[in-house]
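The values are calculated or read from the model by the stated rules, or taken from the named source; none is laboratory data. Everything numeric in this text was worked out from a predicted model, so none of it was measured. So basically every Cβ, Gly included, is an ideal-geometry build from the backbone, and we count neighbours across all protein chains shown.
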Amino acid sequence: MEEEKRIGVYVCWCGTNIAKMVDVVDVAKEIGKLPNVVIAKDYKYMCSDPGQELIIKDIKEHNLDRVVVSACSPRIHELTFRKALQNAGLNPYMFEMANIREQVSWVHTDRGEATRKAKSLVAAAVNRITWHESLDKRTVDINPATMIIGGGIAGISAALEIGNSGRKIFLIEKENKLGGHLAGVDLTFPYMYSADQILKPLIKQVTNNPNIEVFLNTQIDEVFGYVGNFETKITPGDGKEVELKFGNVIVASGLKPYDPGGIENYGYGKLPNVITSLEFEQMLKKGKIVTKEGAEPKNVAIIHCVGSRNKDYHEYCSRICCMTALKFSNQLRSALPDTNIFECYADIRSFGKGCEEFYAQTSRKDIMFLMFDQKNDLPRIRKAETMDECDMLIEFNELLSGEDIEVPADMVVLMVALEAQENARDIAHAVGVSMCGNEFYIERHPKLDPVATTTDGVYVVGGCQSPKDIPDSISQARAAAARILATINIGQVEVEVTTAVVNEDICCGCQTCVNVCPYTAISFDEEKGVSVVNEVLCKGCGTCGSTCPTGAIRSRHFTDKQILSQIEGLMSTSIELQEV
Amino acid sequence: MSYEPTIVAFLCNWCSYTGADLAGTSRMKYASNVRIIRVMCSGRVDPTFVLSAFKEGADGVLICGCHPGDCHYHEGNYKCLRRYHLLQKYFQQMGLDKDRLRLEWISASEGRQFAELVDSYTETVKNLGPCKMKQVIETLT
Ligand code: FES
């Protein structure tokens, strides 16, 4: 006889996020009638402390042995609730979530239908959890070394943070020197600190730190292993292969400037005095602002949002270009007091500390701010005639005055967008992180967990995660470093236990699973004539489970029984309810 | 007269489930006929899961995985693709329309694509009419 199960079900309102579209009270009432469900409650915020305490209290009072929470996506709060179960003395795997926010209340518009669907998702979770079993967490030792991919300001900051606390760092840089884009910058906004004065001492500290091993001219191909125990082989510039072992990875691979050659209006590559923001930065660094002809420009125009905020190029805002453009105006004004400066912009985005003030200061320095329509009407640059007394003319409809204007220019600086690196996808594959549509890496949670990723032990910081300025990059780098130091300090980390196991009694020895496993985690025991799973190598994808002809392989926490009964639960309610 | 199909969808945790979550956080609206089951990888979708969905009364089954080359476990989606083709052949022999099963790649950033897929696939299954599998099995047994 099957032993009795005691399930508690909690339906979250998520304030009004769920309750507005789903009749949560009705869901709890109906689900409460299902077999094995001891109590079913609705509550305003299940993830809040009182919400979790409610579960803990009920587990103790009603002797619950399993808990279903029907709320947001398990990707957000599964761990929160598993911890609550643990606090109440239950195994964390005796938990299941039904996603009725992202999959129901936020995407449907009919309250009746939404409520019906919510019921069937919760019923499916109740069915599934009946088959859940306790799983014991496995802990592994952490290799205290860390690999950092990218030697720009983010990678350097993380390396120093960890290296200075006495832990080993492998710092991998694809170029022949450290420093990244910051090495090409003259002054930084909004306080006009010299980039060299920021960067050079840090690079020196890195090179002098015995804990930090720097590999230049080096790319990452493949990384094997899992949190605590990764390894890779690299071939640095000198051609000798090196094997590295480390417990954590920080990806700080940065970004690259957009090539404006694709925007015909701007004539980059055809008009010699149209240059990119990076090229202008080089001029500032050399202290010589001159046209291709070697003359001091009498008119300089700075065009904003080149390749940003426009569906034809990149839809996103590159974040740092507005402030960099204002910085250019400031530097131009001090270097060339009589030159006309035009800021041709779409909107000025002066985010961040000191930036709005910087904008206000700049606008008092005799600089013309002209607004154009970034979405539908980009400025057009053409070569001027001799009588125009300038090299080029920029033509556009100025939005604030409504007038069609022509701006004279001897030099045009294009504030180019920042985009993902060429090899962003390769790195993503090597370390197992996901990319958004713009090929920036996706963090574990955009608000609650902005530097971790869904792969344990892999962190993303700086420009590879999205365009950002120096302080933001450094903050992220140090945040990731702190996270890693904390795990190294504990010395051990819990790893997923949702691996595969073979039931030797029914394994027929066909070895199909051995062939499909992507991690060579399954081997064949000749003596016994059965397959054996190496649990350290297994990552729990479940591919073996769905190939096994005899059902001898069980994917823990995603067993056939669990999924089949989940399907049954989904369908039973949807049919019953449809007939009503 | 109008019948509302029920569609069971198997979504891999890493790309497709995240993509569906994104459709949610972006408040995109789509047909409520789809019921999602999370699996770690599309490679976990055992053919018996698909068949049992029909046995329980589903009118269509949708499988979503990471784009080729992007599977979190390297190649689970390729395994899934092969099974999908086999299953579709098998479907024809059983007298089931092969459109009752659909495999699509949805990345973590493709919330919109997911919403559109659900809408268009719901339409497809609606046009196929109710699936009789459950009834047939019930009369046979
Ligand atoms: S993890 Fe998405 S298909 Fe394998």
Hey, does region B:86-104 have a residue that's touching a Cys at 6+ places or on another chain (Cβ under 9 Å), under 26 Å from residue A:545 (Cβ atoms), at pLDDT 95 or above and within 13 Å of the ligand (Cβ to nearest atom)?
-> yes
Would you tally the residues in region A:332-344 being in contact with a helix residue (DSSP H, G or I) (Cβ under 7 Å, 6 or more places away or on another chain) and buried (at least 18 other Cβ atoms within 10 Å of the Cβ)?
-> 2
Just wondering, is there one or more residues in region A:20-32 that are over 22 Å from residue A:127 (Cα atoms) and either in contact with a Gly (Cβ under 7 Å, 6 or more places away or on another chain) or surrounded by fewer than 19 Cβ atoms within 10 Å (Cβ to Cβ) (or both)?
-> yes
Scanning region A:485-544 residue by residue, the ones that are part of a loop (DSSP other than H, G, I, E, B), more than 22 Å from residue B:77 (Cβ to Cβ) and under 25 Å from the mean Cα position of the chain (by Cα) total 1
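Yes or no: region A:458-472 includes at least one residue that is polar (S, T, N, Q), surrounded by fewer than 16 Cβ atoms within 10 Å (Cβ to Cβ) and closer than 30 Å to residue A:171 by Cβ.
Scanning region A:458-472, I find no residue that is polar (S, T, N, Q), surrounded by fewer than 16 Cβ atoms within 10 Å (Cβ to Cβ) and closer than 30 Å to residue A:171 by Cβ, so the answer is no.
Matching residues to (1) facing chain B (nearest Cβ under 9 Å); (2) within 24 Å of residue A:125 (Cα to Cα):
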site: A:522; (1), (2): no, no
site: A:531; (1), (2): no, no
site: A:542; (1), (2): yes, yes
site: A:547; (1), (2): yes, no
site: A:567; (1), (2): yes, yes
Do you know which residues across region B:3-20 are out of contact with any His (no Cβ under 9 Å at 6 or more places or on another chain), within 14 Å of the ligand (Cβ to nearest atom) and not hydroxyl-bearing (Ser, Thr, Tyr)?
-> B:9, B:10, B:11, B:19, B:20
Residues located in region A:540-554, provided they are touching a strand residue (DSSP E or B) at 6+ places or on another chain (Cβ under 7 Å) and either within 13 Å of the ligand (Cβ to nearest atom) or closer than 9 Å to residue A:513 by Cβ (or both) = A:540, A:542, A:544, A:545, A:552, A:553
How many residues, within region A:397-440, are farther than 20 Å from residue A:258 by Cα, away from chain B (no Cβ under 14 Å) and touching a helix residue (DSSP H, G or I) at 6+ places or on another chain (Cβ under 9 Å)?
-> 2
So, in region B:54-73, of the ones that are out of contact with any strand residue (DSSP E or B) (no Cβ under 6 Å at 6 or more places or on another chain) and farther than 30 Å from residue A:437 by Cβ, which residue ends up surrounded by the fewest Cβ atoms within 10 Å (Cβ to Cβ)?
-> B:55
Which numbered condition trips up residue A:135, out of (1) outside any helix (DSSP H, G or I); (2) within 26 Å of the chain's Cα centre (by Cα); (3) among the aliphatic types (A, V, I, L, M)?
-> (2)
Only one of these is outside the structural domain of residue A:126 (by TED's automatic domain parsing), modelled with pLDDT under 90 and away from the ligand (no atom under 16 Å from the Cβ): A:580, A:530, A:514. Name it.
-> A:580
Of the candidates A:154, A:159, A:145, A:84, the one satisfying the condition of being more than 14 Å from chain B (Cβ to nearest Cβ), at negative phi and surrounded by fewer than 24 Cβ atoms within 10 Å (Cβ to Cβ) is A:145
Please state which one of B:51, B:81 is surrounded by fewer than 24 Cβ atoms within 10 Å (Cβ to Cβ) and within 15 Å of the ligand (Cβ to nearest atom).
-> B:81
Assuming residue A:250 fulfils every condition listed in (1) among the hydrophobic types (A, V, I, L, M, F, W, C); (2) over 18 Å from residue A:150 (Cα atoms); (3) under 26 Å from the mean Cα position of the chain (by Cα); (4) at pLDDT 95 or above apart from one, which condition is it?
-> (2)
For region A:364-384, does any single residue satisfy the condition of being among the aliphatic types (A, V, I, L, M) and under 30 Å from residue A:476 (Cβ atoms)?
-> no
For region A:50-100, enumerate the residues that are in contact with a Cys (Cβ under 7 Å, 6 or more places away or on another chain) and not in a strand (DSSP E or B).
-> A:72, A:77, A:80
Scan region B:7-20 residue by residue and report those that are assigned to a strand (DSSP E or B) and either free of Cβ contacts under 8 Å to residues at least 40 places away in the same chain or within 7 Å of chain A (Cβ to nearest Cβ) (or both).
-> B:8
Could you grab the pairs with beta carbons closer than 9 Å, sequence gap of 6+ or different chains, first residue in region A:107-120 and modelled with pLDDT of 95 or more, second one outside any helix (DSSP H, G or I) and among the basic types (Lys, Arg)?
-> A:107/B:27; A:107/B:29; A:108/B:29; A:109/B:29; A:111/A:20; A:117/B:35; A:120/B:35
What is the number of the single condition among (1) of a type outside the set (S, T, N, Q); (2) surrounded by 17 or more Cβ atoms within 10 Å (Cβ to Cβ); (3) more than 14 Å from the chain's Cα centre (by Cα); (4) away from the ligand (no atom under 16 Å from the Cβ) that residue B:76 does not meet?
-> (4)
Any chance region A:273-288 includes a residue that's outside the structural domain of residue A:309 (by TED's automatic domain parsing), touching a residue at least 12 places away in the same chain (Cβ under 8 Å) and more than 30 Å from residue A:493 (Cβ to Cβ)?
-> no
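Looking only at region A:173-210, which residues are in a helix (DSSP H, G or I) and among the small types (Gly, Ala, Ser)?
A:180, A:183, A:184, A:195, listed by residue number.
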Within the set of pairs 6 or more residues apart or between chains, which connect a residue that is more than 7 Å from chain A (Cβ to nearest Cβ) inside region B:21-38 to a residue that is of a type in the set (Asp, Glu) with Cβ atoms less than 7 Å apart?
-> B:31/B:119; B:33/B:4
Quick one: which of A:55, A:39 is surrounded by fewer than 17 Cβ atoms within 10 Å (Cβ to Cβ), closer than 20 Å to residue A:126 by Cβ, in contact (Cβ under 8 Å) with a residue 12 or more places away in the chain and β-branched (Val, Ile, Thr)?
-> A:39
Members of region B:101-128 found to be touching an Asp or Glu at 6+ places or on another chain (Cβ under 7 Å) and either farther than 21 Å from residue B:27 by Cα or in contact (Cβ under 8 Å) with a residue 60 or more places away in the chain (or both), listed by number | B:107, B:124, B:125, B:128
So which residues in region B:54-73 are more than 8 Å from chain A (Cβ to nearest Cβ) and away from the ligand (no atom under 14 Å from the Cβ)?
-> B:54, B:55, B:59, B:60, B:61
Test set (1) surrounded by fewer than 24 Cβ atoms within 10 Å (Cβ to Cβ); (2) modelled with pLDDT of 95 or more - residue A:140 fails condition number | (2)
